[in-house]
1. Is it true that Ser88 is at pLDDT 80 or above and under 21 Å from the mean Cα position of the chain (by Cα)?
2. Can you name the residue in the range 1-20 that is touching a residue at least 60 places away in the same chain (Cβ under 8 Å) and part of a loop (DSSP other than H, G, I, E, B) and, of all such residues, is surrounded by the most Cβ atoms within 10 Å (Cβ to Cβ)?
3. Residues that are within 30 Å of Ala26 (Cα to Cα), more than 17 Å from the chain's Cα centre (by Cα), among the basic types (Lys, Arg) and modelled with pLDDT under 85: does the range 41-51 have at least one?
4. Please go through the range 120-146 and give me each residue that is modelled with pLDDT of 65 or more and surrounded by 15 or more Cβ atoms within 10 Å (Cβ to Cβ), ordered by number.
5. Pick out the one residue from Arg69, Arg102 that is at pLDDT below 85, crowded, with 17+ Cβ neighbours inside 10 Å and under 30 Å from Val136 (Cα atoms).
6. Looking only at the range 43-92, which residues are assigned to a helix (DSSP H, G or I) and either at positive phi or of a type in the set (Asp, Glu) (or both)?
Amino acid sequence: MAHVKNRDILIGTVAATLAGAIMMLARFAQFSAIFGGGRDREGGGGLGLIAMAILAPIGAMVVQMAVSRSREYQADASGARFCGKPESLARALEKIAGASKRTAPLEATPATAHMFILSPLSGKGMMSLFSTHPPVEKRVERLRAMRGVA
């Protein structure tokens, strides 16, 4: 219910559309660099287009995933306010995380990862930038910090 109230589908759709537009612009830059666009008199203009074609899609994906992770935190906070018991939600998240470690892994892909309660794809270090969900430990920590607030 918290995702619905917070309009997470709308925000995610806008973020995905902007990321897609950035990726299209990067593709245009790539083809422009390949077919001679952007060259200046010294001949170094294509290097900037190639760099943009490589880095822009990565940046767009990182921003899109960051928006998704922030929406999860917001949904947790809204859910805690709805029920008035953030500690109960924190314990529920811990139970779900424990159960997911004991069961067989689900058939998840990056395209379906956002539909899960917890991130079905593990990512440590830099790979966590591409995760659609924040770590359970951080979500629980934030919910427990709300105990006196909710």
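1. Considered against the rule, which asks whether it is at pLDDT 80 or above and under 21 Å from the mean Cα position of the chain (by Cα), Ser88 comes out as no.
2. Of the range 1-20, the ones touching a residue at least 60 places away in the same chain (Cβ under 8 Å) are 1-3, 5-6, 8, 11-12.
From what is left, the residues that are part of a loop (DSSP other than H, G, I, E, B) are 1, 6.
Details: Met1: 10, Asn6: 16.
Top of the filtered list is Asn6.
3. Checked against the condition, which is being within 30 Å of Ala26 (Cα to Cα), more than 17 Å from the chain's Cα centre (by Cα), among the basic types (Lys, Arg) and modelled with pLDDT under 85, the range 41-51 yields at least one hit.
4. So in the range 120-146, the residues modelled with pLDDT of 65 or more come out as 131-146.
Those that are modelled with pLDDT of 65 or more and surrounded by 15 or more Cβ atoms within 10 Å (Cβ to Cβ): Ser131, Thr132, His133, Pro134, Pro135, Val136, Arg139, Val140, Arg142, Leu143, Met146.
5. Working: Arg102 fails: crowded, with 17+ Cβ neighbours inside 10 Å.
Just one listed residue meets the conditions, Arg69.
6. Of the range 43-92, the ones assigned to a helix (DSSP H, G or I) are 45-83, 86-92.
Correct list: Glu72, Asp76, Glu87.
The values are calculated or read from the model by the stated rules, or taken from the named source; none is laboratory data. Predicted, not measured: the structure shown is a model, and the values here were computed from it. With ideal geometry, Cβ positions are generated from the backbone for all residues, glycine too; neighbour counts draw on all protein chains shown.
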